[in-house]
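Here the structure is laid out as structure tokens; the discussion comes afterwards.
Read the figures in this text as sums done on the coordinates, not as results from a lab. From a predicted model like this one, the values you see are computed outputs, not experimental measurements. Please note: Cβ atoms are built from the backbone with ideal geometry, for glycine as well, and neighbour counts cover all protein chains shown.
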Amino acid sequence: MTRHFLKVTDLSPEEIRRVLDRARELKCEPIGRAFAGRTVALIFHKPSTRTRVSFSVGVHQQGGMPLYLGQGETQLGTSESIEDTARVLSRYVDAVVIRTFAQADVEAFAEAATVPVINGLTDERHPCQALTDIFTFEESFPASRGRTITYLGDGNNVAASLGAAAALTGIHLNLALPEGYDLPDAMMEELRGLSQAYGTMLEVFRDPVAAVRDSSALYTDVWISMGQSETAEKLRALEPFRVDEELLASSAPDAVVMHCLPAHRGSEITDAVLDGANSVVFDQAENRLHVQKALLEFLLAEEGK
Ligand code: CP
């Protein structure tokens, strides 16, 4: 059966654990033949440094060929439908990674595809990032179950997928968001359902200091996501949620600082914190490589069943 990874919950908690355990092995032994003779298409309709490069390098390191298809380089979306493109690419390649705007487009592509499809970010979700976030958090806190991550800033796709991944791995999540910049109601409902099902806590805070008090990680992301326009009102609302040394000092002394990157230094996070001793941000970026290789390996193995 073809398995896709369009959202975190496309994997069970046990499958996530298998992928993260395998990623730990791959981090120690990155070169192999797991994807020998395989081709992975990378369809990107938005810019990317980490997702594009980590998937490309990861496939190459395991003997496969990454095939980058940028915006305007295929017939997709202009003279060919999403479904027909999915059917045709499935005849050539062994898996597809897509970064685009609408979650519905990735779902339509996967519905028609006969090879695994991976969501490399949509406006709604960023599940590969979220798996990596948990992997990175567990490097600092191997006994992660019952600890708390606080996400601060804009209620966006990264926060949404982090929330799902935290619930499925037994980690509590605080969302420190200014009023008016919450996650969409449907997403909050989904996250509350997951948190209830897996026995974790999910709490929304308007006060960033209260939010980080007992946290093991402070996580932030850009305030203005790709494709959004900057407004003075939004920046004003987010100002108190900046991750700076004062806020970091309000959390546990061993708390780590996380950011999915790219960072807008001086905006959502200060240089001192991003480059400081508590930051695991560049490990987080590196770990995309290991986790996505393990994910691809898992999905391709499922094809053979
Ligand atoms: N974090 C992340 O997805 O980075 P890119 O946008 O550079 O891929």
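Residue by residue, what Karplus-based ³J(HN,Hα) values in Hz, rounded to whole numbers, does the range 142-150 have, using 6.51, -1.76 and 1.60 with θ = phi - 60° and x for Gly and Pro?
x, 8, 7, 4, x, 7, 10, 9, 10
State whether the range 66-115 is rounded, prolate or oblate according to the following rule on the C-alpha gyration tensor (a ≥ b ≥ c being the square roots of its eigenvalues): a/c under 1.5 gives rounded; otherwise a/b larger than b/c gives prolate, and the remaining case gives oblate.
Here the range 66-115 falls in the rounded category.
What distance in nm separates the simple spin-label points at Glu246 and Arg145, each placed 7 Å from Cα in the Cβ direction?
Label-label distance for Glu246 and Arg145, simple model: 3.9 nm.
Once each part is reduced to its C-alpha centroid, what is the distance from the range 245-277 to the range 38-85 in angstrom?
For the range 245-277 versus the range 38-85, the Cα centre distance is 32 Å.
So what's the angle, to the nearest 10 degrees on a 0 to 90 scale, between helix 281-303 and the longest Cα principal axis of the chain?
Roughly 40 degrees, rounded to the nearest 10.
Please provide three numbers in whole Å: the alpha-carbon extents of the range 172-305 along the principal axes, with the largest listed first.
52, 34, 34
Using DSSP loop states and a limit of at most 12 other Cβ atoms within 10 Å to flag GluC sites (Glu not before Pro), what is the longest stretch of the chain containing no flagged site? Can you show the working numbers first?
Working: sites that count: Glu73, Glu179, Glu230.
Between the exposed loop sites, the longest stretch runs 74-178.
Based on the alpha-carbon gyration tensor of the chain, what equivalent-ellipsoid semi-axes (square roots of 5 times the eigenvalues) come out, in whole Å, largest first?
32, 21, 18
Taking amide hydrogens as modeled 1.01 Å from N in the peptide plane, which residues meet the under 5 Å criterion relative to Arg147, leaving out close sequence neighbours?
His172
Along the range 186-194, what does the Karplus equation 6.51 cos²θ - 1.76 cosθ + 1.60 (θ = phi - 60°) give for ³J(HN,Hα), rounded to whole Hz, x for Gly and Pro?
4, 5, 4, 5, 4, 5, 5, x, 5
Determine, from the Cβ-Cβ distance of Asp185 and Val209 and an R0 of 30 Å, the FRET efficiency 1/(1 + (r/R0)^6), rounded to the nearest 0.05. Mind showing how you got there, number by number?
Numbers: r = 26 Å, r/R0 = 0.88.
For Asp185 and Val209, the calculated efficiency is 0.70.
With n ≥ 4 as the cut-off for DSSP H runs, can you work out [θ] at 222 nm for the chain, using -39500 (n - 2.57) per run divided by the number of residues, rounded to the nearest 500?
Calculated at 222 nm, the ellipticity per residue is -13000 deg cm²/dmol.
Give a residue-ordered list of calculated ³J(HN,Hα) values for the range 84-91 (Karplus: 6.51 cos²θ - 1.76 cosθ + 1.60, θ = phi - 60°; whole Hz; x for Gly, Pro).
5, 4, 5, 5, 5, 4, 4, 7
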